[in-house]
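Any read-out appearing in this document is the output of simple, stated calculations on the displayed coordinates, not a laboratory observation. Predicted model only: the values in this text are computed from it and were never measured. All Cβ positions, even for glycine, are placed from backbone atoms using ideal geometry, and neighbour counts span all protein chains on display.
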Amino acid sequence: MKVLIVDDEVNVLEVIRFLGEWETHGVTEILEASQGEEAKTIIEEENPEIVFTDIKMPGMNGMELIQWLNSISYQGKVILITGYNDYSFMRQAIKHNSFDYLLKPIEADAFNETLKEAVETWKKEEQERQSDEPLDEDYVKLRLDQIVTAACMGEPFDVNDLLPSLPATEVYEMTLLSFYHMHHAEPYIKSLADKLIEQKLGNAFSLQNDRNLCLVLTLENEWVTVEEWMSENFDIPVRLVTSEHPQPLRKLSSSFRDLQVALDHHQYRSIHRLEDLNNARRMKDIVSYVDTYYMEELSLEKLSNLFFFSREHISRKFKQETGLPLSKYVTKLRIHQAKCWLRDTDETIYCISLLLGYQDEKYFSKLFKKVTGLTPFEFRNRNKMKWQEEHSAYV
């Protein structure tokens, strides 16, 4: 299996090569291109199954590249890499059938999870193409989720693409569900969707730009029945906001925006009592999350939305749990990881700074020196000299 990485920054190419668990996922060849036109040539000649592409590049940019891939009915999987957390890019990416997107700085777990899913999806679709069998339910569900996600983000869509998956009516009640982060939401969303379809009450869609969110469309005056079922069958806490008035499908985008604003302003209800999740355990979940994702951008606001605590509560309890404020705790983890990479690898200091979430190498170097008393360069050289001294005794 071949993977093509398209980016005009050499250091970003190095980071991706370094992060990828290529052999684990069956990748036998990694191709590289520095801009869109070069990538087109490689795709035509090599036909890679997976393409990772940056957005901002000279000449043909990444968005134009995926538009071209869509126009030629490219069968592989395209993952957009961007430093812009902007709905406009996500809308365009979904519109042109990109598989997923990754935000810079790229985090190892997220990258390899996306790579794994892309490879597995490509293999499944390739088997279906070879056998000419109809698409399986999982693929149909994924495609519906992609359509709804794009529609929620304001992308034009054809309501006829969704009507077969919903009971016939003029208007639908729309409800946005937010799941507690440490629980895998997909099985709950699937069970809810299955129940709604079975009872001909509506459907539930997993939003692809945030896997902890689910949009539920139901017939008018049926939400109470749905909520009762969720209360009896969901064993995890869920936040929800429901539209004030039923809306036609064509209003899906504006309705979603209203629900998102309400959720962001904490105007939600909870189906499952949060007290059922022990507070101490929830704080340990937060610390565990930070320990795992410290190379990503973290904030009290983000943790509040994921773990159903107020920012003030998290700030106070996090310091009690770890002995450090969130920002200093993250810096401690990043500097520790930087020491390991400086000591054990030959990665450039710029590459390491990117991996750790710092776009500015000079800022990273100043921060490293403030914590350790040495610049990254001095730290690496001192450890090399120490290693040479220790091993010279055996020569």
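Per-residue 3J(HN,Hα) values for the stretch 65-75, derived from phi via the Karplus relation 6.51 cos²θ - 1.76 cosθ + 1.60 with θ = phi - 60°, read 5, 6, 5, 5, 4, 5, 5, 9, 6, 4, 8 Hz in sequence order (x marks Gly and Pro). For the residue pairs LYS2/LYS362; LYS339/LYS370; LYS56/LYS77, the C-alpha atoms sit more than 25 angstrom apart in LYS2/LYS362. Which one of ILE50, ALA33, ALA108 has its Cα pushed farthest toward the positive end of the charge dipole of the stretch 2-131, where Lys and Arg give +1 and Asp and Glu give -1 at the Cβ? Farthest towards the positive end: ILE50.
For LYS195, the lysines whose Cα comes closer than 16 Å to its Cα, not counting residues fewer than 8 places off in the same chain, are LYS141. Just so you know, the averaged projected area of the alpha carbon convex hull for the stretch 137-215 sits at 5.3 nm². Charging the Cβ of each Asp and Glu at -1 and of each Lys and Arg at +1, and nothing else, the dipole of the stretch 295-395 about its Cα centre rounds to 440 debye. For the stretch 279-390, taking Cα atoms only, Rg and Dmax work out to 16.2, 52 Å respectively. Look at where the Cα atoms of the stretch 1-47 and of the stretch 290-312 average out, and the two centres are 32 Å apart.
Converting phi to 3J(HN,Hα) with the Karplus coefficients 6.51, -1.76 and 1.60 and the offset θ = phi - 60°, the stretch 37-50 yields 4, 5, 5, 4, 4, 5, 5, 5, 8, 9, 6, x, 7, 10 Hz in sequence order, with x at every glycine or proline.
Per residue, the chain reaches -16500 deg cm²/dmol at 222 nm when only DSSP H runs of four or more residues are counted, each adding -39500 (n - 2.57). For the chain, excluding the exposed loop sites themselves (GluC sites (Glu not before Pro), DSSP loop, at most 13 other Cβ atoms within 10 Å), the longest remaining stretch covers 22-169. Build a GNM of the chain with springs between Cα atoms under 10 Å apart, and of GLY36, GLY373, GLY154 the one that fluctuates most is GLY373. Charge tally around ASN305: other residues with Cβ under 15 Å, Lys/Arg +1 each, Asp/Glu -1 each, net -2.
For the stretch 217-234, backbone phi angles converted through the Karplus equation (6.51, -1.76, 1.60; θ = phi - 60°) give residue-by-residue couplings of 10, 9, 5, 4, 6, 10, 5, 4, 4, 5, 5, 4, 5, 5, 4, 7, 10, 8 Hz, Gly and Pro being listed as x.
Counted over the chain, the DSSP beta bridges are approximately 50% antiparallel. Among rounded, prolate and oblate, which fits the chain when a ≥ b ≥ c are the square roots of the eigenvalues of its C-alpha gyration tensor, a/c under 1.5 means rounded, and a/b larger than b/c means prolate? Oblate. Exposed loop positions in the chain were taken to be trypsin sites (Lys or Arg not before Pro) whose DSSP state is not H, G, I, E or B and which have at most 12 other beta-carbon atoms within 10 angstrom. Between these positions, the longest stretch is 1-199.
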